[in-house]
Amino acid sequence: MCRKTQFATEEDARFYIKKLRRTSKRDVIPKRAYLCPKCLHWHLTSSEIEPHNELSVQHWRQRYTAEIERLWQIIHEKDAIIVQQNAEIVRLRSLLDDVVTGEVEMSPESDDERC
């Protein structure tokens, strides 16, 4: 984990830079924010923009956007399974209620009514 101050968003980091420009008595004020590939938080730096850093931000955005999309797909698949399982639970509860009230008799030969 990084020891630098961490910002959750680029907007938060840039806001802090603006605040430092107005209020800080430091000799060196951060010039830009960058996304850290180690901790995936935003940090501040006083160095000039380096082209590879901007490409790195795009790379990480694409990488994690694809990963988020993949995880959403898994969630949707799991949700579909849960919906099916919930429907089966409702069916079995209804069957159990019918058995308890005597509306349906359970017999070992009946595949339809076995749990």
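The values are calculated or read from the model by the stated rules, or taken from the named source; none is laboratory data. Everything quoted here is computed from the prediction, not taken from an experiment. When we count neighbours, we look across all protein chains shown, and the Cβ atoms used for this are built from the backbone with ideal geometry, even at glycine.
Here are the numbers:
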{"quantity": "Scan of segment 14-67 for residues that are in a helix (DSSP H, G or I), at pLDDT 80 or above and more than 27 Å from the chain's Cα centre (by Cα), ordered by number", "calculated": "I17, K18, K19, L20, R21, R22, T23"}
{"quantity": "Every pair of residues 6+ apart whose Cβ atoms lie under 7 Å, when the first sits in segment 58-84 and is surrounded by 10 or more Cβ atoms within 10 Å (Cβ to Cβ) while the second is not charged (D, E, K, R)", "calculated": "W60/L35; W60/P37"}
{"quantity": "Scan of segment 1-13 for residues that are surrounded by 13 or more Cβ atoms within 10 Å (Cβ to Cβ) and in a helix (DSSP H, G or I), ordered by number", "calculated": "E10, D12, A13"}
{"quantity": "First in segment 1-25 and over 9 Å from W42 (Cα atoms), second anywhere and of a type in the set (D, E, K, R), Cβ under 8 Å, 6 or more apart", "calculated": "M1/K38; C2/K38; I17/K31; I17/R32; L20/R26"}
